[in-house]
1. Considering only DSSP beta bridges with both partners in the chain, what is the antiparallel share in %, to the nearest 5?
2. Multiplying the sequence separation of Glu166 and Asn268 by 0.36 nm and subtracting their Cα-Cα distance, what value in nm do you get?
3. Taking a 22 Å limit on the Cα-Cα distance, which of the listed pairs Lys41/Lys123; Lys80/Lys296; Lys152/Lys247 fall beyond it?
4. Counting other C-beta atoms within 10 Å, and keeping those with at most 15, which DSSP coil GluC sites (Glu not before Pro) do you find in segment 109-211?
5. With +1 assigned to the C-beta of every Lys and Arg and -1 to the C-beta of every Asp and Glu, and no other charges, what is the dipole magnitude of segment 135-297 about the Cα centre in debye, to the nearest 20?
6. Using DSSP to call loops (not H, G, I, E or B), can you name the GluC sites (Glu not before Pro) in segment 30-96 whose Cβ has at most 14 other Cβ atoms within 10 angstrom?
7. Using helices alone, what [θ] at 222 nm do you get for the chain, with -39,500 (n - 2.57) per DSSP H run of 4 or more residues, divided over all residues and rounded to the nearest 500?
8. Would you calculate the separation in nanometres between label points at Thr74 and His14, each defined as 7 Å from the Cα along the Cα-to-beta-carbon direction?
Amino acid sequence: MIPLTASNYAANVHNRSQETPDLDAIKRYEAKADSETILHKFGMVTAKGNMIGFGMFVMGAWDPVLKPGYAEVTINVDSKWQSHGIGSRMLDEIEILAERHGADSLQTSIKDTDERSLDWAKKRGFSITSQTFESQLSITEFDTSQFDASFKALNSAGIRFTSLAEYPQDEVSHNRFWNFWRELVSDIPGMADQPLPDNDRMNQLTQDVDKNGFILAVDGHQWIALSMIIKETDTTYYNSMTGVSRKYRGSGLAQAIKVKAIDYALQNGATYIRTHNDSKNAPMLSLNEKLGYRQKPGQFSLVKHFN
């Protein structure tokens, strides 16, 4: 087991299994960390430089935000090397780090189709806290005009659609946006007890993101719904969040603003949109299905608490 960084990766890892990260992934992890982040990454590497396992321990400033006392952990083992004690060895190291840094809980995620890893985690004290589904929409043949009547009705009611890009790109507008985002996120199933980044952190995380994809529904001067869609690759966009103010729910706004997000992705040459939803968020899962999203295997979130 060796510590892994972007600077020593090439010297130590000559081959890797698909379950372990490449150099670009290591760089992304390091880019997410700041001066307040506790980040440990290590690989299980054979004498020939084959990485057959990877572990990671994170506390402090991170994305998504961690609860106080919680550490985000990752344990991945090459399928051909499972049942050889490699995962347990990495968990032992992680628990040493947890004690050293004062963590009282470990959180992780496992694909809901990976019964072997799920069983392994449960036997080592982890328990399931939630389930999240990924859905994907092919938009190459998506016809937004089929929703023209819905938009006409909303426009007649005085509701218009815009984006954060249409507002001054200053602290006032950005704070207003993130305060509104926070209000809506707190109503999403599975998010009520989750810590959220402050406005400065959200501005930092999204400073290079096109604000035309931060779509808003407006009634007069009041923001009443939003949908955030972000470029991942040249062909894939990610719909990270959609929400509607309580007073305006049931009016078709959620569907309308998601269609606006789809239209934005189409205008930018995307062919697919991805999103995630908690299994308890039945209304949004139903809406996604109506729009043509196809559900993919999801993942379980798990936690292990120390006494």
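1. Numbers: 56 of 64 bridges.
Antiparallel: roughly 90 percent of the beta bridges in the chain.
2. Values: separation 102, 0.36 × 102 = 36.72 nm, distance 1.75 nm.
The span from Glu166 to Asn268 would gain 35.0 nm if fully extended.
3. Numbers: Lys41/Lys123 24 Å; Lys80/Lys296 25 Å; Lys152/Lys247 20 Å.
Violating the 22 Å Cα-Cα cut-off are Lys41/Lys123; Lys80/Lys296.
4. Numbers: sites: Glu115, Glu134, Glu141, Glu166, Glu171, Glu183; in loops: Glu141.
The qualifying sites are Glu141.
5. Details: 17 positive and 19 negative charges, 105 e Å.
Rounded to the nearest 20 debye, it is 500 debye.
6. Values: sites: Glu30, Glu36, Glu72, Glu93, Glu95; in loops: Glu36.
Passing sites in segment 30-96 are Glu36.
7. Details: 9 runs with 95 residues, N = 307.
Only helices count here, giving -9000 deg cm²/dmol.
8. Result: 2.4 nm between the two label points.
We did not get these values from a lab; they are worked out from the coordinates using the rules stated. Just so you know, these numbers come straight off a predicted model, no measurement behind them. As a convention, Cβ positions derive from the backbone with ideal geometry for all residues, glycine included, and neighbour counts pool all protein chains shown.
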